[in-house]
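See structure below.
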Amino acid sequence: MLLGEIKQLYSKSLAPVYPSEEIQSLFEITAVHVLRQTCSQIHSNLSKITSPEAEKKMESILERLKTSEPIQYILGFTSFYDMEIEVGPGVLIPRQETEYLVDLILKENKFRAGLSVIDLCTGSGCIALALSKNLPDARLTATDISPEALKIAAGNAVKHNVKINFILDDLLHPLYLQDKFHVVVCNPPYVRNMERSLMHKNVLNFEPPEALFVDDADPLIFYRSVASFARKYSYPEGRIYVEMNEYLAKEMQDLFEINNFRNIEIIKDLDGKQRYLRCTV
Ligand code: GLN
């Protein structure tokens with residue numbers, strides 16, 4: 001088959017599942033990966049014959065894409081903060097808005113030497129990895145309740161040659177820690193069950209629900225734990241950075257106010273949604 005014909009096959013078969021720009025990008029990601037060519041080479045090679053093995057690979061990826069399975073799980077990796085990060089069905093696929101959380105932390109802490117930082121609910125380890133890479137003399141700790149997630153995160157740390165202290169821990173019932181931290185970061189589950197209907201099938205059917213969803217009746221449960229964790233384990237003047245539900249800004253502000261944190265600021269993401277809260281202990 002010509003590469004252009006495979007592209008058409010992608011367009012036709014994925015039309016019921018994704019909008020056309022997304023199909024275009026799924027085709028490009030797949031072709032770049034399978035053919036080991038750059039995106040511009042792919043576009044100039046559309047009238048060339050594809051080898052039978054490459055054609056078979058691209059077709060089998062297409063079969064999985066048709067079921068709404070995320071391309072990141074099919075290929076086993078994604079890109080986060082210019083790093084290739086391994087992902088699997090046991091961890092949430094790192095999001096672009098989380099890259100912006102990393103940006104924010106780096107902007108405000110880049111010139112502080114010898115920082116000790118903890119990433120609670122680390123998942124694939126993406127936040128801890130990006131911080132560790134970009135704050136070279138910081139000490140990083142990362143926790144998660146899932147052994148499977150920690151295995152993936154630890155593999156990512158080895159791959160990127162960074163040292164992170166991983167701890168298997170439940171944020172809602174944390175273990176006793178010896179350390180204290182200057183920065184506490186957390187991107188916990190924050191989507192209310194009632195918001196499920198707003199989500200695409202590729203999230204609902206494939207990503208780990210325990211990394212995404214919270215009870216409608218108590219959607220800030222993890223942030224209460226972040227607040228008490230920070231109270232206990234932060235250095236004076238320590239900073240908290242969390243990603244949060246855009247619809248719960250008022251409640252989030254109140255929660256950190258009631259717990260006597262200072263300099264509370266809600267920050268918008270690139271789509272203008274109230275997505276992060278930063279405060280000082
Ligand atoms: N922002 C993610 C989403 O909407 C949710 C991430 C999370 O729950 N921490 O898919």
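The values are calculated or read from the model by the stated rules, or taken from the named source; none is laboratory data. Note that this is a predicted model, so its numbers are computed, not measured. When we count neighbours, we look across all protein chains shown, and the Cβ atoms used for this are built from the backbone with ideal geometry, even at glycine. Side chains are part of the model used for accessible areas, which takes the heavy atoms of the whole protein and leaves out ligands, DNA and RNA. Shrake-Rupley method; radii C 1.70, N 1.55, O 1.52, S 1.80 Å.
Summary of computed values
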item: 5 angstrom amide H check on PHE80, placed H, neighbours 5+ away; result: ILE85
item: Gap separating the Cα centres of the range 52-79 and the range 214-281, nearest whole Å; result: 37
item: Karplus 3J(HN,Hα) series, Hz, for the range 129-134 with 6.51 cos²θ - 1.76 cosθ + 1.60 (x for Gly, Pro); result: 5, 5, 5, 4, 5, 9
item: Amide H within-cut-off set for LYS268, under 5 Å, with H built and near neighbours excluded; result: ARG275
item: Where labels lie 7 Å past Cα in the beta-carbon direction, separation of CYS39 and GLU195 in nm; result: 2.8
item: Accessible area per residue, Å², the chain with all protein chains present, probe 1.4 Å; result: 49
item: Overall form of the range 36-110 per C-alpha gyration tensor (a/c, 1.5; a/b vs b/c); result: oblate
item: J(HN,Hα) series, the range 192-200, from Karplus relation 6.51 cos²θ - 1.76 cosθ + 1.60, nearest Hz, glycine and proline x; result: 6, 3, 5, 8, 3, 5, 8, 9, 6
item: GNM result for the chain, Cα springs below 10 Å: residue of ALA113, ALA153, ALA230 fluctuating most strongly; result: ALA113
item: Heavy-atom accessible area order for ASP269, ASP216, ASP137, largest first, 1.4 Å probe; result: ASP137, ASP216, ASP269
item: Cα gyration tensor shape for the range 156-200, rounded if a/c is under 1.5, else prolate or oblate; result: oblate
item: Helix-only mean residue ellipticity at 222 nm for the chain, each DSSP H run of n ≥ 4 adding -39500 (n - 2.57), per residue, nearest 500; result: -12500 deg cm²/dmol
item: 28 Å tail of the calculated P(r), the chain, as % of Cα pairs; result: 41
item: Built amide H within the under 5 Å cut-off of ILE167, gap 5+; result: ALA142, THR143, ASP144
item: P(r) of the range 94-248 over all Cα-Cα pairs, binned every 5 Å from zero, in whole percent; result: 2, 9, 19, 22, 22, 15, 8, 3, 1
item: Highest-fluctuation residue, GLY76, GLY123, GLY88 considered, GNM on the chain with Cα pairs under 10 Å; result: GLY76
item: Exposure rank, largest accessible area first [TYR223, TYR190; 1.4 Å]; result: TYR190, TYR223
item: Accessible carbon and sulfur surface of the range 106-259 relative to its total accessible area, %, 1.4 Å; result: 55
item: Dipole magnitude (debye, nearest 20) for the chain, charges at Cβ of Lys, Arg, Asp, Glu; result: 540
item: Cross-link reach list, lysines versus LYS133, counting only Cα pairs under 20 Å and skipping chain neighbours closer than eight places; result: LYS107, LYS110, LYS151, LYS159, LYS163
item: Karplus-derived 3J(HN,Hα), 6.51/-1.76/1.60, for each residue of the range 115-121, Hz, glycine and proline x; result: 6, 10, 10, 10, 10, 8, 6
item: Charge dipole of the range 71-176 about the Cα centre (unit charges at C-beta), most positive-ward option of GLY114, VAL162, ILE74; result: GLY114
item: Max mean-square fluctuation residue, GNM over the chain, Cα-Cα springs under 10 Å, options LYS12, LYS159, LYS201; result: LYS12
item: Three-way shape label, the range 115-169, alpha-carbon gyration tensor, a/c 1.5; result: oblate
item: Protein-only accessible surface order, largest first, of GLU108, GLU237, GLU265 at 1.4 Å; result: GLU237, GLU265, GLU108
item: Hits among lysines - C-alpha to C-alpha of LYS250 under 20 Å, sequence gap 8 or more where chains match; result: LYS268, LYS273
